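I have placed the structure first, in the form of structure tokens, so that the comments after it can refer back to it.
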Amino acid sequence: MNWLTNVVRPKIRNMLRRETPENLWIKCPDSGQLVFYKDVEANQFVIPGSNYHMRMGAVARLKSIFDNETWFDVALPEVTPDPLKFRDEKKYVDRIKDARARTNLNDAVKVGYGKLEGAAVVVAVQDFDFMGGSLGMAAGEAIVRGMELAVEKKSPFIVFAASGGARMQEGILSLMQMPRTTVAVQMLREAKLPYIVVLTNPTTGGVTASYAMLGDVQIAEPGALIGFAGARVIEQTIREKLPEGFQRAEYLKEHGMVDMVVHRHELRPTLARLCRLLTNAPAQEGASKPAQPVTSPAQIVSAAETAPAAPHA
């Protein structure tokens with residue numbers, strides 16, 4: 001061994017080595033193709049070619065909905081971070097700290113207030129990257145606060161659901177968020193304000209069993225997994241093979257569980273049109289109008305589906 005091998009070669013290797021970001025490329029779960037991350041991000045996290053809808057973070061989702069990508073973050077009530085002093089392989093408080101550091105979110109639900117094609121709306125987004133979007137006390141408080149704000153502002157409330165269900169580390173306190181959010185939905189109904197749910201991949205468990213299936217209009221993104229229990233659990237319980245595509249958005253639309261399956265590129269104009277129809281608000285200049293007065297839920301969905309499609313990137 002000499003200075004040629006000990007010094008020169010390592011320096012040459014360091015000169016030739018490139019620092020490559022870990023997320024430079026994304027592999028499509030559907031087709032297996034490798035796609036440049038920046039292209040996917042610019043395409044609203046839809047894989048070009050296969051049209052596979054990747055999960056979308058809360059901040060990116062709010063940017064895609066609000067005018068000029070601007071909104072007011074809604075202040076949310078503080079909750080006890082670890083009410084049951086829960087611990088499994090790791091302390092629950094440590095799991096929360098890790099999730100906050102990784103996502104830059106306080107909890108699984110982020111709420112914003114702003115304009116959608118000129119009309120004020122309140123939007124709540126569940127971020128699956130924060131502990132699977134699980135419904136705990138903080139997430140329940142965020143949903144309830146968002147609905148209360150919608151009543152205060154007399155504006156529609158839109159929720160993007162993405163969750164694995166209730167947060168087991170909070171036990172019964174997590175399950176209590178199901179009736180609490182259901183009562184808040186009733187508060188919107190009594191105020192005669194639109195409540196629109198967008199079901200994204202995946203929406204399961206206690207979230208599906210509460211506010212995620214109580215919308216005036218139920219929208220789903222293509223291919224989204226929507227259900228309560230998993231397919232394997234259902235098959236083991238009923239001892240039958242489930243149909244192809246069971247619990248997917250398209251199957252649920254065919255069987256009346258959701259009203260519309262809307263591509264992410266068309267979601268913003270569809271939501272804006274629904275809000276105008278449900279509030280009898282005048283259309284913006286240049287926006288298309290329904291050919292006849294809209295009076296029934298079926299007509300509302302039909303009219304919203306005629307919204308002009310946004311160009312795909």
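So is PRO269 surrounded by 20 or more Cβ atoms within 10 Å (Cβ to Cβ) and either assigned to a loop (DSSP other than H, G, I, E, B) or at pLDDT 95 or above (or both) or not? Criteria not met by PRO269.
Let me confirm something: among LYS85, LYS110, LYS97, LYS91, which residue is among the basic types (Lys, Arg), under 23 Å from GLN177 (Cβ atoms) and crowded, with 19+ Cβ neighbours inside 10 Å?
Details: LYS85 fails: crowded, with 19+ Cβ neighbours inside 10 Å; LYS97 fails: crowded, with 19+ Cβ neighbours inside 10 Å; LYS91 fails: crowded, with 19+ Cβ neighbours inside 10 Å.
Selected residue: LYS110, the only one of LYS85, LYS110, LYS97, LYS91 that is among the basic types (Lys, Arg), under 23 Å from GLN177 (Cβ atoms) and crowded, with 19+ Cβ neighbours inside 10 Å.
Checked against the criterion of being closer than 28 Å to GLU250 by Cβ and either modelled with pLDDT under 60 or within 24 Å of the chain's Cα centre (by Cα) (or both), the candidates PRO21, PRO29 yield just one match: PRO29.
Checked against the criterion of being modelled with pLDDT under 95, assigned to a loop (DSSP other than H, G, I, E, B) and charged (D, E, K, R), segment 74-82 contains one or more residues that satisfy it.
Within segment 139-163, can you find the residues that are assigned to a loop (DSSP other than H, G, I, E, B) and open to solvent by 50 Å² or more (accessible area, probe 1.4 Å)?
Going residue by residue through segment 139-163, those that are assigned to a loop (DSSP other than H, G, I, E, B) are 154-156.
Residue satisfying the conditions is LYS154 alone.
Is at least one residue of segment 227-248 part of a helix (DSSP H, G or I), more than 20 Å from ALA142 (Cα to Cα) and within 18 Å of the chain's Cα centre (by Cα)? No: segment 227-248 contains no residue that is part of a helix (DSSP H, G or I), more than 20 Å from ALA142 (Cα to Cα) and within 18 Å of the chain's Cα centre (by Cα).
Annotation note: of VAL197, VAL258, VAL262, the sole residue that is closer than 17 Å to MET147 by Cβ and in contact with a Leu (Cβ under 9 Å, 6 or more places away or on another chain) is VAL197.
Take the residues of segment 46-59 that are closer than 12 Å to ALA162 by Cβ and in a loop (DSSP other than H, G, I, E, B): which is most open to solvent (accessible area, probe 1.4 Å)? Walk me through it before giving the result.
Pass one, segment 46-59, residues closer than 12 Å to ALA162 by Cβ: 53-58.
With in a loop (DSSP other than H, G, I, E, B) added as a condition, the list becomes 54-57.
Details: MET54: 41, ARG55: 126, MET56: 20, GLY57: 25 Å².
Only one residue tops the list, namely ARG55.
Within segment 110-138, being in a loop (DSSP other than H, G, I, E, B) and closer than 21 Å to ALA224 by Cα holds for ASP127, PHE128, ASP129, PHE130, SER134.
Residue count for segment 182-204 satisfying the condition of being touching a residue at least 40 places away in the same chain (Cβ under 8 Å), part of a helix (DSSP H, G or I) and under 26 Å from PRO222 (Cα atoms): 0.
The values are calculated or read from the model by the stated rules, or taken from the named source; none is laboratory data. The structure displayed is predicted, hence computed values, not measured ones. Using ideal geometry, Cβ is built from the backbone for each residue, glycine included, and neighbour counts are taken over all protein chains shown. Remember, those area values only see protein heavy atoms, side chains included, never the ligands or the DNA or RNA. Shrake-Rupley method; radii C 1.70, N 1.55, O 1.52, S 1.80 Å.
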